[in-house]
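*Asks:* I have a structure I would like to understand better, so I am pasting it below and will then ask my questions one at a time.
The values are calculated or read from the model by the stated rules, or taken from the named source; none is laboratory data. All of these numbers come straight from a predicted model, not from anything done at the bench. Counting neighbours? That spans all protein chains shown, and the Cβs are built from the backbone with ideal geometry, glycine included. Side chains are part of the model used for accessible areas, which takes the heavy atoms of the whole protein and leaves out ligands, DNA and RNA. Shrake-Rupley method; radii C 1.70, N 1.55, O 1.52, S 1.80 Å.
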Amino acid sequence: MNTIDLNVPILGQNKTSRRAFLQGGGLLLGFAMTGMGSKTVFAATAAQVTEAEVIAPFEPNAFIRIDPKEVVTLVMPMAEMGQGVYTSMAMLLAEELEVDLDQVLLQHAPANDALYANPILQSQTTGASTTIRAFWTPLRQAGAVARNLLITAAAKKWNVDPATCQARKGVVSDASGSLHLGYGELAEEAAKLPVPAADSVALKDPKDFTLISTRAKRLDTAIKVDGRAEFGIDIKVPGMKVAAIAISPVFGGKPKTVDDAAALAVKGVHQVVRTDEAVAVIADHTGAAKKGLAAAAIQWDDGPNATVSSADLIKQLDEASRQPGAVARNEGDVEKALAGAAQRIDAIYQLPFLAHATMEPMNCTVHVQKDSCDIWVGTQVPTLAQAAASKLTNLPVEKVKVHNRLLGGGFGRRLETDGIVHAVKVAKQVDGPVKVVWSREEDIQHDMYRPYYYDRLSAGLDADGKPVAWTHRVSGSSIIARYIPPLFKDGLDFDAVEGAAEPPYALPNIHVDYVRVEPAGIPTAFWRGVGPTHNIFVVESFMDELAHAAKQDPVAYRKALLGHNPRALGVLNLAAEKSGWGTKMPEGHGRGVSVQFAFGTYIAQVAEVEVAADGSVKVNRVVCAVDCGLVVNPDTIEAQMQGGTIFGLTAVLHGAITLKDGRVEQGNFDTYLPMRIDEVPVVETHMIKSADAPGGIGEVATAAVSAAVANAIFAATGKRVRTLPIDPGVLKKEA
């Protein structure tokens, strides 16, 4: 049963339609995913549920369905983009529901904030490593309440005390073990029972878990291996045409001239469509669309950003960073402590714009009709997508249907709706459904980029080398001000300073502030790891500078500042132990360390690098120690540590988006390099056993690895890396 077919709404072998399900009767439960006791659980017989949409009067945000054929369906409120949440969330449900994982089928949730909002982010959004943190309690409560109802239904049939019955593997048994009823047989009766409040049903003690914390196989692996998995780019709709799109190469530009006749002369091309900032060619298939687009010979009006360059933007950041910013943290008297310090260390760190470069390029299929709009896409924000389409089409939100699919990579890129907006603008001019697919060049050159950050730091050390003062000014674009304006308060972007405002160390006098600097002509957005992707690099690299100035070992130096923080100290000790910290390395090799607390998880990494005479860097090994609270699926933790590390290393070694004449200079994987297989290091993951609630895991390694590598390079060469990506020319040995 755990083979999944994403070409149908329910992700599994069972292809029962919603109509058949409704006709067959069964138990359907919707749960308030806030975990608040004031929210009660809704149960209804199938006859009370409309075919079009599951409606729960108490606005629950997730659903369990159990039908007479023993099928348990979990409607997934979050998106699966390779991070494994479709499996780990199913594990939470199955643990308390007392079913095996292969008894659970998965279904993409429709766009509906009232039902499926992420309790942490307050919208139906998959991001910020929140999925398991947000649904850890609510999904287990959902399973426990359903199990309670099923047991009560069985006890009622047998006329026994429910306390004497137990559930296991989808079957309820009496105390003697002689009476058995499957969940399917009990579903209809269970649906008639009064439903207890979610917080009134006891959850399992973690010591009694049989599924959570075990190594569970991914439910979506088989379909991804054999090609049955359906991503947004795989969509095929009857009557569908395909569009190739060209967007103004300068942000803010627009098309000036287009050779429609030449494009229409290409066999298979049906239409040329213009929007404010783009041109799309509509054809029978991708090949014809791309040929038609090339034949259109588009000339552009570059608009106001035609002269923007990276040098201009960096100069702007440098000048802005010299002025005080919005205060994120201010404790003690930093200026006095700096003035009285035995040593003062100053540094400037810079990190570039970064593209997401997901393996699945941006794409969206749209069918706009007079009274409806259907969208097939892989998105992290289905309700935002729905709202954007509603605004463009002037249709009520409920007339816009978002059919979410698996995402071929997200990393924050698909938190944005710009790709959907482009597709809807095109589809409004096309009769019938149209799939708009971006080329790789369009994808990279019209991304929404991780901001360029420019950071100034100063620290004062006492006679023993201990830090007595720490100042850190972060300068860069504010994603929060654009994306969630109400949370941008008094000039402070809390995301831009995450990892900087609350370092894990004991620092008696600390001042952290933020200067907002918006780059002309380049949009910025969340990128895997968000604020910590730059702040951990800066903080942990600078901490290494202090250790060197104090003539102390980097691990020992950090340990002395972490006595108040046992979880951070725990991962540091484990990483040092497992990496063999302190053992001798060959010439040109070095180890570096970083410590991080972000997304509710503690992590320490030790990187081992080799620097050649020409300055090229080879990362040979990365040792990760993780305390993410209670582990749901160890395989997922390991996979995310590996994938996050590689994603972060790509940026450390290669990643940079640069501008010249208003244009992004990088266009494909030859100029915006991913890590190659021969560059990938061994990544070891060691987990600390913990009873704390789970933390996030999808982004932590990406944020941590840059500093570990930079510090290892210093250990190998004595040269400090303060700007990414690493420039081999700076590390090259002089003849």
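*Asks:* Counting only DSSP beta bridges with both residues in segment 586-735, what percent are antiparallel, rounded to the nearest 5?
*Replies:* Values: 22 of 28 bridges.
Counting DSSP beta bridges with both partners in segment 586-735, the antiparallel share is about 80 percent.
*Asks:* Here is a follow-up. Would you pull out the residues with amide H under 5 Å of Asp301's amide H, same chain only if 5 or more places away, H placed 1.01 Å from N?
*Replies:* Under 5 Å from the amide H of Asp301 lie the amide H atoms of Lys254, Lys256, each far enough along the sequence or on another chain.
*Asks:* What distance in nm lies between label points placed 7 Å from Cα along the C-beta direction at Lys660 and Thr221?
*Replies:* 4.6
*Asks:* Please compute the length gained on full extension between Ala691 and Lys489, using 0.36 nm multiplied by the number of residues separating them and subtracting their Cα-Cα distance.
*Replies:* Numbers: separation 202, 0.36 × 202 = 72.72 nm, distance 3.53 nm.
Roughly 69.2 nm would be gained on extension.
*Asks:* Quick one: which residues, 5+ away or cross-chain, put their amide H under 5 Å from the amide H of His270? H built at 1.01 Å from N.
*Replies:* Residues meeting the amide H criterion: Ile282, Ala283, Asp284.
*Asks:* Count neighbours as other Cβ atoms within 10 Å of each site's Cβ, and list the trypsin sites (Lys or Arg not before Pro) in segment 171-209 that are DSSP loop with at most 13 such neighbours.
*Replies:* On the way: sites: Lys192, Lys204, Lys207; in loops: Lys192, Lys204.
Sparse-neighbourhood loop trypsin sites (Lys or Arg not before Pro): Lys192.
*Asks:* Here's another thing I want to ask about it. Positive end of the dipole of the chain, charges at C-beta (+1 Lys, Arg; -1 Asp, Glu), about the Cα centre: which of Phe251, Gly292, Leu487 has its Cα farthest in that direction?
*Replies:* It is Gly292.
*Asks:* If you don't mind, another one. Please report the net charge: other residues with Cβ closer than 11 Å to the Cβ of Cys165, K and R +1, D and E -1.
*Replies:* Details: positive: Arg147, Lys156, Lys157, Arg168; negative: Asp161, Asp174.
Around Cys165, the surrounding residues sum to +2.
*Asks:* Taking H as built 1.01 Å from N, whose amide H comes closer than 5 Å to the amide H of Val436, not counting residues under 5 places away?
*Replies:* Long-range HN contacts for Val436: Ala243, Cys364, Thr365, Val366.
*Asks:* While we're here: Show me the trypsin sites (Lys or Arg not before Pro) within segment 567-657 that DSSP assigns to loop and that have at most 11 other Cβ atoms within 10 Å of their Cβ. All intermediate terms of the calculation are to be shown ahead of the outcome.
*Replies:* Details: sites: Arg567, Lys578, Lys584, Arg591, Lys618, Arg621; in loops: Lys584.
Passing sites in segment 567-657 are Lys584.
*Asks:* Counting each DSSP H run of 4 or more residues in the chain as -39500 (n - 2.57), what helix-only mean residue ellipticity at 222 nm follows after dividing by all residues, to the nearest 500 deg cm²/dmol? Don't skip to the answer; put the middle values down first.
*Replies:* Details: 20 runs with 211 residues, N = 735.
When only DSSP H runs of four or more count, the value is -8500 deg cm²/dmol.
*Asks:* Ok, one more. Quick one: net charge around Thr636, please, counting Lys, Arg +1 and Asp, Glu -1 for every other residue with C-beta under 14 Å from its C-beta. List each step's numbers first, then the result.
*Replies:* Working: positive: Arg133, Arg215, Lys217, Arg218; negative: Glu80, Asp220, Asp635, Glu638, Glu699.
Taking every other residue near Thr636 into account, the sum is -1.
*Asks:* Rounded to the nearest 0.05, what FRET efficiency do Asp276 and Lys204 give with R0 = 60 Å and r taken as the Cβ-Cβ distance? Could you check? Walk me through the intermediate numbers first.
*Replies:* Values: r = 55 Å, r/R0 = 0.92.
E(calc), rounded to 0.05, equals 0.60.
*Asks:* Which of the peptides 371-378, 75-82 is most tightly packed, and how do the rest follow, going by the mean number of other Cβ atoms within 10 Å of each residue?
*Replies:* Values: 371-378: 21.1, 75-82: 24.4.
Highest-to-lowest ranking by the protection proxy: 75-82, 371-378.
*Asks:* Moving on to the next point. Mind listing which chymotrypsin sites (Phe, Trp or Tyr not before Pro) in segment 141-216 are in a DSSP loop and have 16 or fewer other Cβ atoms within 10 Å?
*Replies:* Answer in residue order: Phe209.
*Asks:* Quick one: length gained pulling Val682 to Gln343 fully straight, 0.36 nm per residue minus the C-alpha distance?
*Replies:* Numbers: separation 339, 0.36 × 339 = 122.04 nm, distance 3.84 nm.
Fully extending the segment from Val682 to Gln343 adds 118.2 nm.
*Asks:* Which order do the peptides 274-280, 127-133 take when ranked by the mean count of other beta-carbon atoms within 10 Å per residue, highest first? Could the numbers behind the result be given before it?
*Replies:* Details: 274-280: 19.3, 127-133: 25.3.
Highest to lowest by the protection proxy: 127-133, 274-280.
*Asks:* With a Förster radius of 22 Å, plug the Cβ-Cβ distance of Gln552 and Lys618 into 1/(1 + (r/R0)^6) and report the FRET value to the nearest 0.05. Don't skip to the end; give the middle numbers.
*Replies:* Working: r = 28 Å, r/R0 = 1.25.
Plugging the Cβ-Cβ distance into 1/(1 + (r/R0)^6) gives 0.20.
*Asks:* Now, a different point. Would you work out what percent of the accessible area of the chain, with all protein chains in place, is carbon or sulfur (probe 1.4 Å)? Can you show the working numbers first?
*Replies:* Details: 14920 of 28340 Å².
Within the chain, the accessible surface is 53 percent carbon and sulfur.
*Asks:* Now, a different point. If you take every DSSP beta bridge fully contained in the chain, what fraction is antiparallel? Give it as a percent rounded to 5. The partial results should precede the final answer.
*Replies:* On the way: 93 of 123 bridges.
Here the antiparallel bridges make up roughly 75 percent for the chain.
*Asks:* Select one label from (i) 29.9, 129; (ii) 30.5, 117; (iii) 27.5, 90: the one whose number is Rg and Dmax of the Cα atoms in Å as derived from the coordinates shown.
*Replies:* (iii)
*Asks:* Can I ask one more? Considering only lysines 8 or more places apart in sequence, or on different chains, count the pairs in segment 603-734 whose C-alpha atoms sit under 19 Å apart.
*Replies:* Details: Lys618/Lys719; Lys618/Lys732; Lys618/Lys733; Lys719/Lys732; Lys719/Lys733.
For segment 603-734, qualifying lysine pairs total 5.
*Asks:* On to the next question. Return the whole-Å distance between the Cα centroid of segment 63-137 and the Cα centroid of segment 154-215.
*Replies:* 20
*Asks:* Please report, for the Cα atoms of segment 133-254, the Rg to one decimal and the Dmax as a whole number; what are they, in angstrom?
*Replies:* Values for segment 133-254 (Cα only, Rg and Dmax): 23.5, 76 Å.
*Asks:* Taking a probe of 1.4 Å, how large is the accessible area per residue of the chain, in Å²? The partial results should precede the final answer.
*Replies:* Working: 28340 Å² over 735 residues.
Per-residue value: 39 Å².
*Asks:* Taking 22 Å as R0, compute the FRET efficiency from the Cβ-Cβ separation of Gln429 and Lys267 and round it to 0.05.
*Replies:* Numbers: r = 21 Å, r/R0 = 0.98.
E between Gln429 and Lys267, to the nearest 0.05, is 0.55.
*Asks:* May I pose another question? In the chain, which helices (entire DSSP H runs) extend 18 Å or more along their own long axis, judged by Cα positions, while averaging at least -0.5 on the Kyte-Doolittle scale?
*Replies:* Sorted by number, the helices that extend far enough and score high enough are 131-158, 532-549, 566-579, 634-653, 700-717.
*Asks:* Next up: Would you mind checking the pairs Lys336/Lys466; Lys254/Lys370; Lys267/Lys425; Lys69/Lys399; Lys291/Lys391; Lys291/Lys370 and listing those with alpha carbons more than 26 angstrom apart? List each step's numbers first, then the result.
*Replies:* Values: Lys336/Lys466 16 Å; Lys254/Lys370 28 Å; Lys267/Lys425 24 Å; Lys69/Lys399 33 Å; Lys291/Lys391 32 Å; Lys291/Lys370 31 Å.
Those over the limit are Lys254/Lys370; Lys69/Lys399; Lys291/Lys391; Lys291/Lys370.
*Asks:* While we're on this one: Find out how many positive minus negative residues lie around Pro508, taking Lys and Arg as positive, Asp and Glu as negative, among other residues whose Cβ is under 12 Å from that of Pro508. Mind dumping the intermediate values first?
*Replies:* On the way: positive: Lys336, Lys466; negative: Glu331, Asp333, Asp462.
Charge balance in the 12 Å sphere: -1.
*Asks:* How much length would be gained if the chain were fully extended between Lys559 and Glu734, taking 0.36 nm per residue of separation minus their Cα-Cα distance, in nm to one decimal? If you can, show how the numbers build up before the last one.
*Replies:* Details: separation 175, 0.36 × 175 = 63.00 nm, distance 3.56 nm.
Working it through step by step, the gained length comes to 59.4 nm.
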